[in-house]
Each structure stands twice: as C-alpha cells, then as structure tokens.
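Please read the structure below before turning to the comments.
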Amino acid sequence: EAGVTQFPSHSVIEKGQTVTLRCDPISGHDNLYWYRRVMGKEIKFLLHFVKESKQDESGMPNNRFLAERTGGTYSTLKVQPAELEDSGVYFCASSQGHTDLTFGAGSRLTVL
Amino acid sequence: GQSLEQPSEVTAVEGAIVQINCTYQTSGFYGLSWYQQHDGGAPTFLSYNALDGLEETGRFSSFLSRSDSYGYLLLQELQMKDSASYFCACILDDKIIFGKGTRLHILP
C-alpha cells in the first residue's frame, strides 16, 4: 500500500512569491489534514477535509493560504503571497477514522 | 482556547523506563493519541486511548484519565533508537490537535 505522498519535499522561494504544495493521501482515506511545524514548536493544525469538504479550517492563518481537495482525492495548499513567517515544514496526513493518522514526509518551505 | 501541555525535554538511560506526561484543555474531546517523530522524519502513530486506563503495545504503554484531562506515554526497556520527539494529540469533534512535543534524550 502506498503511503501519503507530498510534493515538493523542499521549496525555497522569495517573499511575495507563490508556492503550491501537493498531497496524495492513502487511497480510500476520506480524512485529509494539513499541519505545519516550525522548528521547536507544535505540530500546528491548519485544516481538515472529509472527502472534498472542509470540515474545519480554523487553523488557517489568513487568506493568503488556500487549500483545495477537488474530487476528494489529492489536495493542494497554496500560499500566495508568501511571507517570511510562512517558513516551516508542512505535513499532510490522512486517515480512514480519526484515531490514527498516517503522515507524509512533509514539504519544507523556506521563504527568503 | 484549546491546549496541550507536555515537557519540552526528558532524559533517560538506555534500558530504563521513562514516562512522558500530557495534560490538555479542550472541548469535544474523544480521545488521546501519541506519535513519535525522528529528526527529519514524519510523525508516526504509536497509540490511542478513548477510555480511561492503560493500553499496552509492546514496550510502549499509554494511559488516559478523562476526569483529570491527563495522559502519559510509558516507554520501557529504552533503546537508543527511541531517541525522538513524542507528541500527544487530542482527537476532537472536527480535528486532531497536537502538543509541542517532548524531546527524549537517551544516554548509553
């Protein structure tokens, strides 16, 4: 069984540019989460999809962040325009239930 | 607001036992999970408690007291490969939130 796949693994962009991160969950997993980890801090919740619907997006920092999950399969997280404080590792995770998440390897974003 | 508190760092000796505590303040609580993350890696699921009491999975055990809003992860027969960060996570109505993690250092 393929795991959760994230792309790119690392992105370096300048402030003001746009970046789109992609997540392919495990096939059949209805739940898809996005998290961000800044070094030394918590794994911060961003949002939760159930199939193609946003179940909870209370963790999205502001309207520069846009997440989509068209067709209930893969998801994208776009940051536009990127700011310095957006740097961190963005993790995607998927699950069938709620008890155990399978995480992807993460996308490290560096904003210069 | 909703929060989870766990110690930032814990140090233990190889072969020993260590306990990592987690207290939480949340609404719509369903259960508590634990995850392990090695440097540069992805968090991986360790255990889940929905009911009060102890759940054992090999060398790892996890405990929950819903009335005290408290749980812990117990690691026995510590091995060097257990050096990692450990996160407690609360399963809520519509999301799963994580603590800041506990960095476990293991001395030979």
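In region A:69-97, of all residues being assigned to a strand (DSSP E or B) and more than 10 Å from the chain's Cα centre (by Cα), the one that is farthest from A:Gly16 (Cα to Cα) corresponds to A:Ser95. Could you go through region B:73-87 and let me know if any residue there is under 25 Å from B:Gln2 (Cα atoms), at the interface with another protein chain (Cβ under 10 Å from one of its Cβ atoms), surrounded by 12 or more Cβ atoms within 10 Å (Cβ to Cβ) and out of contact with any helix residue (DSSP H, G or I) (no Cβ under 9 Å at 6 or more places or on another chain). So far as region B:73-87 goes, yes, one or more of its residues are under 25 Å from B:Gln2 (Cα atoms), at the interface with another protein chain (Cβ under 10 Å from one of its Cβ atoms), surrounded by 12 or more Cβ atoms within 10 Å (Cβ to Cβ) and out of contact with any helix residue (DSSP H, G or I) (no Cβ under 9 Å at 6 or more places or on another chain). Checked against (1) within 26 Å of A:Gly104 (Cβ to Cβ); (2) surrounded by fewer than 19 Cβ atoms within 10 Å (Cβ to Cβ), B:Gly99 meets all criteria but (2). Got at least one residue in region B:89-104 being touching a residue at least 60 places away in the same chain (Cβ under 8 Å), assigned to a loop (DSSP other than H, G, I, E, B), more than 10 Å from every other protein chain (Cβ to nearest Cβ) and of a type in the set (Val, Ile, Thr)? Looking for residues that are touching a residue at least 60 places away in the same chain (Cβ under 8 Å), assigned to a loop (DSSP other than H, G, I, E, B), more than 10 Å from every other protein chain (Cβ to nearest Cβ) and of a type in the set (Val, Ile, Thr), one finds none in region B:89-104, hence no. Would you confirm, using the coordinates I've provided, whether B:Phe45 is over 23 Å from B:Ser67 (Cβ atoms) and surrounded by fewer than 21 Cβ atoms within 10 Å (Cβ to Cβ)? Here the answer is yes, as B:Phe45 does meet what is asked. Quick check on region A:64-112: of everything there that is of a type in the set (Asp, Glu) and surrounded by 17 or more Cβ atoms within 10 Å (Cβ to Cβ), which residue is modelled with the highest pLDDT? Applying the filter and picking the extreme gives A:Asp86.
When the strands (runs of 3 or more DSSP E) confined to region B:28-86 are screened for residues that are of a type in the set (A, V, I, L, M, F, W, C), those reaching at least 2 such residues are found at B:31-37, B:44-49, B:60-65, B:70-75.
The set of residues in region A:98-112 being within 10 Å of chain B (Cβ to nearest Cβ) and assigned to a strand (DSSP E or B) consists of A:Thr102, A:Phe103, A:Arg108. Mind telling me which of the residues A:Glu52, A:Glu14 ends up being of a type outside the set (Val, Ile, Thr) and touching a helix residue (DSSP H, G or I) at 6+ places or on another chain (Cβ under 7 Å)? Just a single option satisfies the conditions, and that option is A:Glu52.
Of the strands (runs of 3 or more DSSP E) lying entirely inside region A:14-67, those containing at least 2 residues that are within 16 Å of A:Gly97 (Cα to Cα) and within 14 Å of another protein chain (Cβ to nearest Cβ) are A:31-37, A:43-50, A:53-56.
Only residues that are touching a Gly at 6+ places or on another chain (Cβ under 9 Å) and either closer than 17 Å to B:Leu78 by Cα or away from chain A (no Cβ under 12 Å) (or both) were counted in region B:1-21, giving 1.
The values are calculated or read from the model by the stated rules, or taken from the named source; none is laboratory data. Being a predicted model, the structure only gives us computed values, none of them experimental. FYI the Cβ positions are ideal-geometry reconstructions off the backbone, even for glycines, and counts take in every protein chain you see.
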